[in-house]
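The values are calculated or read from the model by the stated rules, or taken from the named source; none is laboratory data. Bear in mind that the values here come from a model prediction, so they are computed numbers and not experimental data. Ideal geometry is used to build each Cβ from the backbone, glycine not excepted, and the neighbour counts take in all protein chains shown. In case anyone asks, the SASA skips ligands and DNA or RNA and just uses the protein heavy atoms, side chains included. Shrake-Rupley method; radii C 1.70, N 1.55, O 1.52, S 1.80 Å.
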Amino acid sequence: MTSLSKTYYVSSKRGNDSNDGLSCETAFASLFAINHSSLKPGDCVLLERDSVFYGQYLQITDSGTKEAPIVIGVYGDGEPPRIEACGQGIWYQDYGNPLDAPTHVYHGYVSSAVLLYDAEYIIVEDLEITNEASEIIGEQYSLGDKMNRTGVAVVAKDKGVRHGITLRNLLIHDVHGNVYDKHMNNGGIYMTALRPKCEETTGVARYQDVTVEGCFVYQVSRWGIAVGYTYAHEKFQGAELDEETFLKYGHENVKICDNYVKAAGGDGITAMYALRPLVEHNMADSIACEMNDRIYCNPGDKAGKVAAGIWPWKCKDALFRYNEVADTRLNQDGMAYDADSGDGTIYEYNYSRQNEGGCVMFCLQEAIHNTFRKNESFDDLGGTISPSENPDALIEENVFYVRKGVPFVRKNMDGGKYELVNNKIFELDK
């Protein structure tokens, strides 16, 4: 905080928006009062515990500094304050150009309970967040053109590099997003970079110093936690990824740690377009639960009934360690870990159990220099590994407990090259 910083209090129980919001006794009543305020470096916005903000949302466009971040947190005793967006908090997302496949939606309206738009040096912590759609008249859950919804959406666009985004100890659940849209801000937590109006003036939109930690995300669609899809995706074409490309167009110092994602409709946890992201001590449980014909039933021309547990996309030297993935539901992928298109992914000291699509995939020709070492797989189903046309993969010093009758290499997911070194494979009778 600075000598000029303020603390704003918001209470749905005893506040009033005609108050000044500067003390517990003169708290605001609604989040709308915060949305209409101009926050300065060092300011705090504290929501009273046991408060429920029904049909409300936060939209923050202000920034703190490294020394004086803006903090969105809580005060008082009781249960975490709950933001129930109910499909409100609508904004328009536009990447500014088509994405890497014509079937991927790149613009449209999004509802977010919390939106950080071109903000930086901001901490959001200790809140409970939902964004249901049960009261939207005429909307069906599996509708193809259904609105995208997010618990927390973070956007970089017109202010260059956005620094210091911290999302901590958030309880995010019942987010009724669009199961078909993989790249919109859609799911529990989703961070994106959109094309600036004038990149020559403002610089490339990207992130530096992102932390997502200690969050519990469950019953969300489509993604659990995703950090970093970017309008600049075409800069990352090819298998060999140069570090200079990330320093200009990608994200730096991304940490996704100590989170628990359960019952996400699609993928669990993904870092995207990041240089040396660290993803550790996370749990993904019972995810990809909407990648089936019962729910994923009206995609139109949107291909993509695929999802995996914890994985990178177009990252360089990503490190995944001490994570656990269990009970990922069967789909075209459905494995715990996926070294997807990227350069130098390392998985080490991770655990997987009874994932219906197997333990790990090395995905296609642009998944290079990948290492899977010192991990343990117990009773993963379908096929333990999927070396899916990748040019190289090192699989070393792992322990695989394989159920009798389950192939080590998943059927129709082979064709790649891999080296097995000092692994232990034990057959399970059941």
In percent, what relative contact order does the chain have, based on Cα pairs under 8 Å that are 6 or more apart in sequence? 8
Compute, for the chain, the length of the dipole vector about the Cα centre, with Cβ point charges of +1 (Lys, Arg) and -1 (Asp, Glu) only. Units Debye, rounded to 20. 240
Which percent of the accessible heavy-atom area of the stretch 1-156 goes to carbon and sulfur, probe 1.4 angstrom? 50
Gain upon complete extension [residue 17, residue 140; 0.36 nm per residue less C-alpha separation]: 40.8 nm
Looking at the calculated P(r) for the stretch 8-163, what percent of the C-alpha pair distances fall above 19 Å? 58
Taking the Cα centre of each part, how many Å lie between the stretch 275-354 and the stretch 195-272? 14
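Using the structure shown, list the pairs from 66/314; 314/374; 262/302; 374/424; 182/255; 66/159 with a Cα-Cα distance above 19 Å, or answer none. Could you put the intermediate results ahead of the total?
Details: 66/314 28 Å; 314/374 23 Å; 262/302 25 Å; 374/424 10 Å; 182/255 21 Å; 66/159 16 Å.
Where the Cα-Cα span goes over 19 Å, the pairs concerned are 66/314; 314/374; 262/302; 182/255.
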Please enumerate, by chain and number, the aspartates and glutamates with C-alpha under 13 Å from the C-alpha of residue 235, excluding those fewer than 8 residues away in the same chain. 100, 243, 244
Rounded to whole Å², per residue accessible area for the stretch 337-430 with a 1.4 Å probe reads 44
Of [x] 1.02; [y] 0.95; [z] 0.99, which one was derived for Rg/Rh (Cα atoms, Kirkwood Rh) from the structure shown? [z]
Could you name the aspartates and glutamates in cross-link range of residue 6, using Cα to Cα under 16 Å and dropping any fewer than eight places away on the same chain? 20, 25, 43, 62, 67
Once Lys and Arg get +1 and Asp and Glu get -1 on their Cβ, which of 140, 191, 91 lies farthest toward the positive end of the dipole of the chain? 140
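If you put +1 on each Lys and Arg Cβ and -1 on each Asp and Glu Cβ, how big is the dipole of the stretch 337-430 around its Cα centre, in Debye rounded to 20? Provide the component values of the computation, followed by the final result.
Working: 10 positive and 17 negative charges, 81 e Å.
Rounded to the nearest 20 debye, it is 400 debye.
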